[in-house]
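Working notes, structure below.
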Amino acid sequence: MRTSLWKKWVVAATAALVFSGASGFAQTGTTDESKRKVKSKTAPAYPELAKRMNVSGKVKIEVVITPDGHVKSTRVVGGHPLLVQACQDAVKEWKFVPAPEETTQVVEFEFHAN
């Protein structure tokens, strides 16, 4: 009898965690319609070492944008370590269309080796 009560508690706790996590992810997802438009962009410079090593690939940067359209902060989501700093430096120069509140979105860059 004691084992079945323990199992019920574990199942209930697990279900609560799964369902609370799923609803949280659904609320934080961004779609193309909710992204802020970019007013001005600066292209990242292809780092010389990355060029010589033929490093290519995608870099994803999470950007926090202030209501007036300036970049407040950046965080690397993924990408080759030789490429990420150039992308962060470039995206910090970007200007976005103003909005009523601070927003967060992911910006993706792609580098192609020659």
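Structural remarks
- For Lys95, the conditions (1) at pLDDT below 95; (2) surrounded by 15 or more Cβ atoms within 10 Å (Cβ to Cβ); (3) more than 16 Å from the chain's Cα centre (by Cα) are fulfilled apart from (1).
- Each residue in the range 100-114 was checked for being over 26 Å from Asn54 (Cα atoms) and either surrounded by 15 or more Cβ atoms within 10 Å (Cβ to Cβ) or hydroxyl-bearing (Ser, Thr, Tyr) (or both), and 2 pass.
- Within the range 38-59, residues that are at positive phi reach partners that are loosely packed, with under 15 Cβ neighbours inside 10 Å and acidic (Asp, Glu) with beta carbons closer than 8 Å, at six or more positions or on different chains, in the pairs Gly57/Glu110.
- Of the set (1) touching a Cys at 6+ places or on another chain (Cβ under 7 Å); (2) modelled with pLDDT of 95 or more, all apply to Phe109 but (2).
- Subset of the range 67-91 that is in a strand (DSSP E or B) and among the small types (Gly, Ala, Ser) - its residue that is nearest to the chain's Cα centre (by Cα): Gly78
- Checklist (1) over 14 Å from the mean Cα position of the chain (by Cα); (2) among the charged types (D, E, K, R); (3) in a strand (DSSP E or B) applied to Lys60, failing item: (1)
- Looking across the range 36-58, just one residue is within 10 Å of Leu82 (Cβ to Cβ) and touching an Asp or Glu at 6+ places or on another chain (Cβ under 9 Å), and that is Gly57.
- For the range 92-114, residues that are of a type outside the set (Lys, Arg), part of a strand (DSSP E or B) and either over 15 Å from Ala45 (Cβ atoms) or free of Cβ contacts under 8 Å to residues at least 40 places away in the same chain (or both) total 7.
The values are calculated or read from the model by the stated rules, or taken from the named source; none is laboratory data. Not measured: the values here are computed from a predicted model. Counting neighbours? That spans all protein chains shown, and the Cβs are built from the backbone with ideal geometry, glycine included.
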